[in-house]
1. I want to confirm something. Restricting to segment 1-33 and keeping residues that are farther than 21 Å from residue 89 by Cβ and modelled with pLDDT of 95 or more, which single residue is surrounded by the most Cβ atoms within 10 Å (Cβ to Cβ)?
2. Looking at (1) crowded, with 16+ Cβ neighbours inside 10 Å; (2) under 16 Å from the mean Cα position of the chain (by Cα), can you tell me which one residue 105 breaks?
3. Can residue 94 be described as touching a residue at least 40 places away in the same chain (Cβ under 8 Å), exposed (fewer than 14 other Cβ atoms within 10 Å of the Cβ) and in a loop (DSSP other than H, G, I, E, B)?
4. Would you check which residues across segment 36-58 are touching a residue at least 40 places away in the same chain (Cβ under 8 Å) and either under 15 Å from residue 82 (Cβ atoms) or not in a strand (DSSP E or B) (or both) and list them?
């Protein structure tokens, strides 16, 4: 009986974890700004037809950061871009929503 009870508890816990997972959202437009503050807070502003979206690099930017390179190229050449991001909730330090970049596509 204990195994069945543990399985049910684990199953309920896993189901709750999947329900709380954020949906992938998209921002399309041009990169109008890239900001790096002390290397710890790195964001890009994507301006589209429905407004601007401030997306954040939630992983460290390194010399091999493909997402940063794509956004930098889009910014330099004024190319349209699509950025897939997850809304991770309010970031009290930044005073904005924490929209973590997951993928970048040049159009």
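1. Once the filter is applied, the top-ranked residue is 31.
2. Looking at each condition in turn, residue 105 falls short on (1).
3. Details: touching a residue at least 40 places away in the same chain (Cβ under 8 Å): yes; exposed (fewer than 14 other Cβ atoms within 10 Å of the Cβ): yes; in a loop (DSSP other than H, G, I, E, B): yes.
Against the criterion (touching a residue at least 40 places away in the same chain (Cβ under 8 Å), exposed (fewer than 14 other Cβ atoms within 10 Å of the Cβ) and in a loop (DSSP other than H, G, I, E, B)), residue 94 qualifies.
4. Selection gives 44, 53, 55, 57, 58.
The values are calculated or read from the model by the stated rules, or taken from the named source; none is laboratory data. The shown structure was predicted, so the numbers you read here are calculated from the model rather than taken from an experiment. Because the Cβ atoms are built from the backbone with ideal geometry, glycine has one as well, and the counts that use them run over all protein chains shown.
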